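Notes to accompany the following structure.
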Amino acid sequence: MTTIAVLPIKRFDDAKQRLGDALRPGTRRALAEAMLTDVLTALRRAKRVDAVVVVTSEHAADALARAHDATTIRDPEEPGHNPAAREGVRWAIEQGARRAILVPGDCPALDPTEVDDLLLALPHEEKRVTIVPDRHGSGTNALVLCPPDAIEPSFGPGSRSRHVGLAHRAGAECRIAEPPSLALDIDTIEDLAVLRAALESRTGGAAHTRGLLARLGRR
């Protein structure tokens, strides 16, 4: 195996708490499930991704991953996105991966072609880190690490500059990439509105999330 995608996924009941004022718990859970399904579908279609590992303690996420030919491993005992990301990277290294791409489960518009282009620009033989910022420019939505342990993932507020610093200290070439479909992560109602507009402007992709948003629009 050469390139493994790592998806840390929290429990669906705990997902998207910042949408709590607008969406009921059951709807938030359904949204998290639909988005993960679309991300897994896109990664399975990406030609340069050899395998996908989902790190989660959510039984429904485990079932979805297996249905999309992905491997699942249990969340580490230490809670949080970064411990889960590190666990996924460790698994990728154990499988002999030479690159890891860390992707969020809430970017349902993910375009397989953009994933392939992102990986094509990162040769295997060089120590490199590619950072994909969120649409606000300060966070990190995705990381491509070559080799997988080039740096330790450190997601969260201000993570773009933090990842740049980690790459420089590790002696890795650092690159910023902005594939549009990876900028559309969903945390707030504003993010959801941006996603709706983006999906309305294109055809194909994000079938499950599109269906859920259409049902919500009819209410």
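The values are calculated or read from the model by the stated rules, or taken from the named source; none is laboratory data. For clarity, every value in this text was computed on a predicted model and none was experimentally measured. Heads up, the Cβs are rebuilt from the backbone with ideal geometry, glycines too, and the neighbour counts pull from every protein chain shown. The accessibility values were calculated without ligands, DNA or RNA, using every heavy atom of the protein model including side chains. Shrake-Rupley method; radii C 1.70, N 1.55, O 1.52, S 1.80 Å.
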Considering residues of segment 7-22 that are open to solvent by less than 20 Å² (accessible area, probe 1.4 Å) and closer than 17 Å to GLU190 by Cα only, the residue modelled with the highest pLDDT: LEU19
Hits in segment 46-67 (condition: surrounded by fewer than 21 Cβ atoms within 10 Å (Cβ to Cβ) and within 24 Å of ALA214 (Cα to Cα)): ALA60
Any chance HIS163 is more than 18 Å from ALA46 (Cα to Cα) and either out of contact with any Ser or Thr (no Cβ under 9 Å at 6 or more places or on another chain) or of a type in the set (Lys, Arg) (or both): no
Residue list for segment 179-208, restricted to those being modelled with pLDDT of 90 or more and among the charged types (D, E, K, R): none
Qualifying residue in segment 91-98 (condition: in contact (Cβ under 8 Å) with a residue 60 or more places away in the chain, on the phi > 0 side of the Ramachandran plot and assigned to a loop (DSSP other than H, G, I, E, B)): yes
